[in-house]
Amino acid sequence: MNNEPEKKEDQTPDNNSSSLVQKIQQLGQSNVPQAPDSNIHVLSIIGQVEGHVQLPPQNKTTKYEHLLPQLVAIEQNPKIEGLVVLLNTVGGDVEAGLALSEMITSISKPTVSIVLGGGHSIGVPIAVATDYSFIAPTATMTIHPIRLTGLVIGVPQTFEYLDEMQNRVVDFVVNHSNITEEKFKDLMFAKGNLTRDIGTNVVGKAAVEYGLIDGVGGVKEAMQKVNELIKENGTQEQQVMQ
């Protein structure tokens, strides 16, 4: 009978240690920080934007069907007053990326994006879809023409469709940033900047100089900006009510 309490005491640390091991295995860290209730929602778009076709399991992906309901919930939730979008993506499905871009730009609440690491390909329109965009000094954005994978039917209609889809991307980026259509197309079709390909790799400050991104910065600058926009939004709402 004396051994029973000792067994119960021994079970507690075992349970704690097993849960700690699970956290380390799943998240790569021993302690998971618990953030207090915040009025700003952070949305991460990491890896490849997965669209209508499921990518192989070894690919790091962000499924757009997971993000669309989140964006609707952000718009409907009165406790959320601002949105910060973290981007480190190689691109992905064009229509899925455009769907995310259109959803983000149609949100009535203040939105800010940060390009960290990379915001390539279809990540470009997602980055510029917010009210204000930042890029880290060492982050890059690859601007290139749209590519098709898989079976391509060699008829004029296929190329017309490809050109139309490319124009959709160009129009969105030009309408939601300070870059001109001529300059964006120059970057898109530049030769020699990318090995065995056409396009341009734009790094940090250069993206701001081209007018593609609003400013160079990271988390601190993005949080300051979104809070500033939230205050402005609140002031405008008060003026409308009066």
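The values are calculated or read from the model by the stated rules, or taken from the named source; none is laboratory data. Everything numeric in this text was worked out from a predicted model, so none of it was measured. Note: ideal-geometry Cβ built from the backbone for every residue, glycine included; neighbour counts use all protein chains shown. Remember, those area values only see protein heavy atoms, side chains included, never the ligands or the DNA or RNA. Shrake-Rupley method; radii C 1.70, N 1.55, O 1.52, S 1.80 Å.
In segment 58-78, the residues that are more than 15 Å from Glu95 (Cβ to Cβ) reach residues that are charged (D, E, K, R) with C-beta atoms within less than 6 angstrom, at least six apart or across chains, in these pairs: Thr61/Glu50.
Would a scan of segment 94-108 turn up a residue that is in contact with a His (Cβ under 7 Å, 6 or more places away or on another chain), buried (at least 24 other Cβ atoms within 10 Å of the Cβ) and outside any strand (DSSP E or B)? Within segment 94-108, none of the residues are in contact with a His (Cβ under 7 Å, 6 or more places away or on another chain), buried (at least 24 other Cβ atoms within 10 Å of the Cβ) and outside any strand (DSSP E or B).
For segment 129-147, which residues satisfy the criterion of being within 16 Å of Ser101 (Cβ to Cβ), of a type in the set (Val, Ile, Thr) and modelled with pLDDT of 95 or more?
To start, the set of residues in segment 129-147 that are within 16 Å of Ser101 (Cβ to Cβ) comprises 129-133, 141, 143, 146.
Okay, now just the ones that are also of a type in the set (Val, Ile, Thr), so 130, 143, 146.
Listed by number, the list holds a single entry, Thr130.
Across segment 112-129, the qualifying residues are those that are free of Cβ contacts under 8 Å to residues at least 60 places away in the same chain and open to solvent by 10 Å² or more (accessible area, probe 1.4 Å), and the one among them that is nearest to Gln224 (Cα to Cα) is Gly117. For segment 73-93, residues that are of a type outside the set (Gly, Ala, Ser), open to solvent by less than 10 Å² (accessible area, probe 1.4 Å) and closer than 25 Å to Met165 by Cα total 3.
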